[in-house]
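Novice: So that we are looking at the same thing, I have put the structure below in structure tokens.
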Amino acid sequence: MEDHSELSDVERRVRALETVLTQKGYIDPPALDVLIDTYQTKVGPRNGARVVARAWVDPAFRERLMRDATAAIAELGYSGRQGEQMIAVANTPGRHNIVVCTLCSCYPWPVLGLPPVWYKSAPYRSRVVRDPRGVLAEFGVTLPASTEIRVWDSTAEVRYLVIPERPTGTEGLSEEALATLVTRDSMIGTGLA
Amino acid sequence: MPYVSHADIGGCSDFGPVVPEPEGTVFHAAWEPRVHAVTLALGATGSWNLDMARSARETLPDYLNLTYYEIWLSGLEKLLIGKRLVTPDELTAGCMQHAPAPVAQVLKADQVAAVLAKGAPTERAPAGPARFKPGQRVRTRATPAEHHTRLPGYARGKTGLIERVLGAHVFADSHARGLGEDPQWLYTVVFDAAELWGSEATPGHSVSFDAWQPYLEAA
């Protein structure tokens, strides 16, 4: 196996697995290429940013988003796997929302793409339900002591999208320009837009 | 053998600081997106359901020592071996050694977009009326489950308020055990942090989770 010495153990395992599954006809390699391309180039947090920006500029859309997020998000073309039933939770001056999945890694793929490593890791999952202000501080976010904090633990198949507050001083910006201000972390609740 | 989930870590506090990363960073090695894609493709064969896959992952004995996609890889190997679709000797050898067992369907490239767009909605027609209404006080089941469950340990035996009725959904506890979809009413239940964490809770902090009706009783 010296000619494979560049491969790590886990790389070898993945290659072995793919080879066996392909030989057995359980997977179609071109389908894997489409899946990989989809989650690397097509689905990501810019989708959610467009939803947030629309909610900032269009009060009627925001009303639909808060009432039936699944349908409102589908208006912009985002739907499907891991976003089958969506709920939007809006931050206000007195209330901040944070999303977690303490039991695994549930995350709204159609609007945010695949989750970052920290979202799936033990430090975030274990602590954010208990010490949200301490976790926010690690993201450089400090909220007024009077701000209420709600942590949403995604334990079932409902997926949550945080609608951050629109930054002040952005009154003249277009919807497209506003979308560039919306960070992934602000839509999880570990950042401010 | 008792059922042990190593994934139920909400409220535990000895895992160190959170390490934020830039927005574009999702994968850290070329094999990670491949494991993700293979997992999705095999899920589409219908050989197991999402709850069975979660159960396979959370019961890995070394769960807390593995990276995220190592968990997915090990979980997938475990499911495949459990369903006799592959054998350990094949994974060691890296080539087929036994005739394939039939699977219901194989995901093709031109089907991927439609399959992802369709997703797997879990809402079902309810078997009866919802037992609880928004504003009602409920208490969660206090005893640990001897099987896959989505009632987190930190929320066992706690009193909270029904905030929203989410419809009837495939019940993860039954679905993971191969007992069918067994749809049950699902609710958002909200707890004051003091109910969960006692005197260390900060004022104005609440935690909600989504609970199927069998997790709850009137309080």
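Novice: Which condition number in (1) within 19 Å of the chain's Cα centre (by Cα); (2) in a loop (DSSP other than H, G, I, E, B); (3) more than 8 Å from every other protein chain (Cβ to nearest Cβ) is the one that residue B:151 fails?
Specialist: For residue B:151, the exception is condition (3).
Novice: Next up: Can residue A:148 be described as on the phi < 0 side of the Ramachandran plot, at the interface with chain B (Cβ under 7 Å from one of its Cβ atoms) and over 21 Å from the mean Cα position of the chain (by Cα)?
Specialist: yes
Novice: Shifting gears a bit: Which one of these is surrounded by fewer than 20 Cβ atoms within 10 Å (Cβ to Cβ) and at pLDDT below 95: B:117, B:104, B:113?
Specialist: B:117
Novice: State which residue is surrounded by the most Cβ atoms within 10 Å (Cβ to Cβ) when the search covers only region A:117-129 and only residues that are within 8 Å of chain B (Cβ to nearest Cβ) and closer than 22 Å to residue B:51 by Cα.
Specialist: A:125
Novice: Which condition number in (1) within 14 Å of chain A (Cβ to nearest Cβ); (2) over 30 Å from residue B:42 (Cβ atoms); (3) not polar (S, T, N, Q) is the one that residue B:128 fails?
Specialist: (1)
Novice: Among residues belonging to region B:68-90 that are surrounded by fewer than 19 Cβ atoms within 10 Å (Cβ to Cβ) and more than 17 Å from the chain's Cα centre (by Cα), point out the one that is farthest from the other protein chains (Cβ to nearest Cβ).
Specialist: That would be B:82.
Novice: Looking at region A:1-44, which of the residues that are in a loop (DSSP other than H, G, I, E, B) and more than 7 Å from chain B (Cβ to nearest Cβ) is modelled with the lowest pLDDT?
Specialist: Filtering first and then ranking leaves A:1.
Novice: Determine, yes or no, whether residue B:210 is part of a strand (DSSP E or B) and under 16 Å from the mean Cα position of the chain (by Cα).
Specialist: It is true that residue B:210 is part of a strand (DSSP E or B) and under 16 Å from the mean Cα position of the chain (by Cα).
Novice: Considering only region B:162-207, how many residues are of a type outside the set (A, V, I, L, M, F, W, C), part of a strand (DSSP E or B) and at negative phi?
Specialist: Final tally of qualifying residues: 9.
Novice: Yes or no: region A:84-91 includes at least one residue that is at pLDDT 95 or above, more than 9 Å from chain B (Cβ to nearest Cβ) and more than 17 Å from the chain's Cα centre (by Cα).
Specialist: No, region A:84-91 contains no residue that is at pLDDT 95 or above, more than 9 Å from chain B (Cβ to nearest Cβ) and more than 17 Å from the chain's Cα centre (by Cα).
Novice: Take the conditions within 18 Å of residue B:190 (Cα to Cα) and either part of a loop (DSSP other than H, G, I, E, B) or touching a helix residue (DSSP H, G or I) at 6+ places or on another chain (Cβ under 9 Å) (or both) and apply them to residue A:166. Does it pass?
Specialist: It is false that residue A:166 is within 18 Å of residue B:190 (Cα to Cα) and either part of a loop (DSSP other than H, G, I, E, B) or touching a helix residue (DSSP H, G or I) at 6+ places or on another chain (Cβ under 9 Å) (or both).
Novice: Please go through region A:86-101 and give me each residue that is surrounded by fewer than 21 Cβ atoms within 10 Å (Cβ to Cβ) and out of contact with any Phe, Trp or Tyr (no Cβ under 8 Å at 6 or more places or on another chain), ordered by number.
Specialist: Passing the criteria: A:90, A:92, A:93, A:94, A:95.
Novice: Which of (1) more than 10 Å from chain B (Cβ to nearest Cβ); (2) assigned to a loop (DSSP other than H, G, I, E, B); (3) over 23 Å from residue B:211 (Cα atoms); (4) in contact (Cβ under 8 Å) with a residue 24 or more places away in the chain is the odd one out, the single condition residue A:107 does not satisfy?
Specialist: The failed condition is (3).
Novice: Does residue B:197 qualify as being aromatic (Phe, Trp, Tyr), facing chain A (nearest Cβ under 8 Å), surrounded by 15 or more Cβ atoms within 10 Å (Cβ to Cβ) and closer than 20 Å to residue B:3 by Cβ?
Specialist: Criteria not met by residue B:197.
The values are calculated or read from the model by the stated rules, or taken from the named source; none is laboratory data. For clarity, every value in this text was computed on a predicted model and none was experimentally measured. In this analysis, Cβ positions are derived from the backbone assuming ideal geometry, glycine residues included, and neighbour counts consider all displayed protein chains.
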